[in-house]
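Below you'll find the structure, written out as structure tokens, and then a few comments.
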Amino acid sequence: METKSYFFTIDKKFFKQGYVMYDENKEKMYEAKMLKWTLFRPFVFQFINHKTSDSVEHKVGHTLTIQEENGGIMDMFSTKSSFKFDGKDIWDYLHDKGVRINSQIMSGSIGMTYTVTYKGIDVATISMASPSGKKRIIVSDFSFNIETEDEYLDLAFLCAFAFARTSQVFYD
């Protein structure tokens with residue numbers, strides 16, 4: 001299969017904030033539309049793969065981030081950040097599906113690159129990007145450049161969605 005490039009970013013609506021992924025021609029390929037915003041209960045998102053026309057709803061909990069303090073320079077990276085995805089911690093959900101994530105500091109920018117594997121196979125590279133999608137030194141943790149094959153589009157989108165909704169930087 002052929003690896004393709006995509007751009008993932010936040011859909012800037014005030015209460016019903018969603019996420020979209022575009023191809024190189026700026027056509028919408030995937031999106032997570034917030035259908036229901038709540039203060040205490042999980043949000044309801046509709047995940048739509050525009051390439052296959054598949055659509056599924058998921059319950060997405062509020063993000064919880066805990067800053068750990070160990071007294072070292074790496075404290076700024078020592079966070080535990082997660083949310084519930086259909087009632088299960090998102091990182092446990094992905095792990096149980098066979099997903100592993102390796103993170104590394106980007107070269108040439110202040111940000112992170114994530115290599116996503118599925119059952120031992122490299123399936124996506126997800127790198128923080130500027131909100132405009134252009135090459136910049138300082139990037140956003142809400143925008144990503146994604147390299148993946150069509151077969152893994154759903155998985156790559158879900159991982160980018162998880163990165164954008166959390167402050168988690170390093171994974172094991």
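The values are calculated or read from the model by the stated rules, or taken from the named source; none is laboratory data. Owing to the predicted nature of the structure, the values given are computational and were not obtained by experimental measurement. All Cβ positions, glycine included, derive from the backbone under ideal geometry; neighbour counts span all protein chains shown. What goes into the accessible areas is simple: the full protein's heavy atoms, side chains included, and nothing from ligands, DNA or RNA. Shrake-Rupley method; radii C 1.70, N 1.55, O 1.52, S 1.80 Å.
Of the residues making up segment 126-141, not a single one is open to solvent by 60 Å² or more (accessible area, probe 1.4 Å), in contact with a Ser or Thr (Cβ under 9 Å, 6 or more places away or on another chain), at pLDDT 75 or above and part of a strand (DSSP E or B). It is to be established whether one or more residues within segment 60-83 are modelled with pLDDT of 95 or more and either in a loop (DSSP other than H, G, I, E, B) or open to solvent by 60 Å² or more (accessible area, probe 1.4 Å) (or both). Checked segment 60-83: no residue is modelled with pLDDT of 95 or more and either in a loop (DSSP other than H, G, I, E, B) or open to solvent by 60 Å² or more (accessible area, probe 1.4 Å) (or both).
Suppose the filter is assigned to a strand (DSSP E or B) and at pLDDT 95 or above; does THR113 pass it?
Numbers: assigned to a strand (DSSP E or B): yes; at pLDDT 95 or above: no.
Against the criterion (assigned to a strand (DSSP E or B) and at pLDDT 95 or above), THR113 does not qualify.
Which of the residues that make up segment 40-53 are more than 19 Å from the chain's Cα centre (by Cα) and either of a type in the set (Phe, Trp, Tyr) or more than 10 Å from TYR30 (Cβ to Cβ) (or both)? Show your work before the answer.
Kept after step one, since they are more than 19 Å from the chain's Cα centre (by Cα), are these residues of segment 40-53: 40-41, 52-53.
If the condition is that a residue be more than 19 Å from the chain's Cα centre (by Cα) and either of a type in the set (Phe, Trp, Tyr) or more than 10 Å from TYR30 (Cβ to Cβ) (or both), then PHE40, ARG41, SER53 are the ones that fit.
The sole residue among VAL56, VAL20 that is over 22 Å from THR117 (Cβ atoms), modelled with pLDDT of 95 or more and loosely packed, with under 14 Cβ neighbours inside 10 Å is VAL56.
Confirm whether ASP89 is at pLDDT 95 or above, surrounded by 15 or more Cβ atoms within 10 Å (Cβ to Cβ) and out of contact with any Ser or Thr (no Cβ under 8 Å at 6 or more places or on another chain). Judged against the criteria, ASP89 is not a match.
Taking the numbered list (1) without any contact (Cβ under 8 Å) to a residue 40 or more places away in the chain; (2) farther than 18 Å from SER143 by Cβ in turn, THR3 passes all entries but (1). Restricted to segment 95-110, and to residues there that are within 26 Å of SER130 (Cα to Cα) and surrounded by fewer than 13 Cβ atoms within 10 Å (Cβ to Cβ), the residue that is modelled with the highest pLDDT is GLN104.
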